[in-house]
1. When residues of region 31-42 are filtered for being open to solvent by less than 30 Å² (accessible area, probe 1.4 Å) and aliphatic (A, V, I, L, M), how many remain?
2. Quick one: residue 100 ticks every box in (1) over 30 Å from residue 196 (Cβ atoms); (2) modelled with pLDDT under 95 bar one, so which box is it?
3. Filter region 43-57 down to residues that are open to solvent by 40 Å² or more (accessible area, probe 1.4 Å) and of a type outside the set (Lys, Arg), then give me how many there are.
4. If residue 37 passes every condition in (1) part of a helix (DSSP H, G or I); (2) closer than 29 Å to residue 150 by Cβ but one, which one does it miss?
5. Which of the helices (runs of 4 or more DSSP H) contained wholly in region 72-176 include at least 1 residues that are open to solvent by 60 Å² or more (accessible area, probe 1.4 Å) and acidic (Asp, Glu)?
6. Need pairs with beta-carbon distance below 6 Å; first residue under 18 Å from residue 185 (Cα atoms) and within region 146-173, second open to solvent by 40 Å² or more (accessible area, probe 1.4 Å); sequence gap 6+ or separate chains.
7. Scan region 4-11 and give yes if some residue there is out of contact with any Gly (no Cβ under 9 Å at 6 or more places or on another chain) and surrounded by 12 or more Cβ atoms within 10 Å (Cβ to Cβ), otherwise no.
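The values are calculated or read from the model by the stated rules, or taken from the named source; none is laboratory data. A quick note: this is a predicted structure, and the numbers were derived from the prediction, not measured. Neighbour counts are summed over all protein chains in view; Cβ atoms, including those assigned to glycine, are modelled from backbone coordinates with ideal geometry. Surface areas here come from the heavy atoms of the whole protein model, side chains and all, with no ligands, DNA or RNA. Shrake-Rupley method; radii C 1.70, N 1.55, O 1.52, S 1.80 Å.
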Amino acid sequence: MGEMGLRERKKQRMYQDVSDIAVRLFLERGFDAVSVAEVAAAAGISKPTLFRYFPAKEDLVLHRIADHETEAARVVTGAADPVDALRRNFLDGLERRDPVTGLNDHPQVLAFHRLLYGTPALVARAYGHLERSEAALAQALGGGLDARLAAGQIIAVQRILAQENWRRVAAGEPVAQVEPDAVRAAERAFRRLGEGLPEWRTGS
């Protein structure tokens, strides 16, 4: 078990290191100007090895948000009130300045978001991330059409709230100034979700 744990940690470290190198190159020169072969060379691995870890060039960037794909599903698992659990999780993220909420003004975070939202290929690939997030959340809510409809609304609300926060911060507004509005917007959005999805406020 210890050996398996070590191998898994080394694998995760490889993912992180290669992604970090790729993102640095993309930020310096632009996503389209850097080839996969150049990323592999900078990471000291072969191109086929890189593709074993990252099936597409875009995945080198999206690896940074991959762990959020199942976050909503994890939050609602076992929750008597899934919508409220997600509300509290999002508000906690705002308080922590979690980059996924958009409420973070660290230069590297802003640069990463500009890369992500400013590159059409990455925006397109990110939709797959959203679809997988919806699928995982729908499964956690019990599956079926109603669960998929609820999951789609919830993931859309979280995405729009985060993008609005990022848009304002990227435009130069101080995080401390954006935060009160971000909290109020989240409270309002999740309240409306709860009103529109009453079955997901009972855990049934």
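1. As a first pass, look at region 31-42 and keep what is open to solvent by less than 30 Å² (accessible area, probe 1.4 Å): 31, 34, 36, 39-40.
Next cut, aliphatic (A, V, I, L, M) only: 34, 36, 39-40.
Summing the residues that are open to solvent by less than 30 Å² (accessible area, probe 1.4 Å) and aliphatic (A, V, I, L, M) in region 31-42 gives 4.
2. The failed condition is (1).
3. Looking only at that region, the number is 6.
4. (2)
5. Numbers: elements: 82-96, 107-117, 120-140, 145-170.
Result: 82-96, 120-140, 145-170.
6. Listed by first residue and then by second, the contacts come to 155/134; 169/105.
7. Step one: filter region 4-11 for residues out of contact with any Gly (no Cβ under 9 Å at 6 or more places or on another chain), giving 4-11.
Restricting the remaining residues to those that are surrounded by 12 or more Cβ atoms within 10 Å (Cβ to Cβ) gives none.
No; the residues of region 4-11 include none that is out of contact with any Gly (no Cβ under 9 Å at 6 or more places or on another chain) and surrounded by 12 or more Cβ atoms within 10 Å (Cβ to Cβ).
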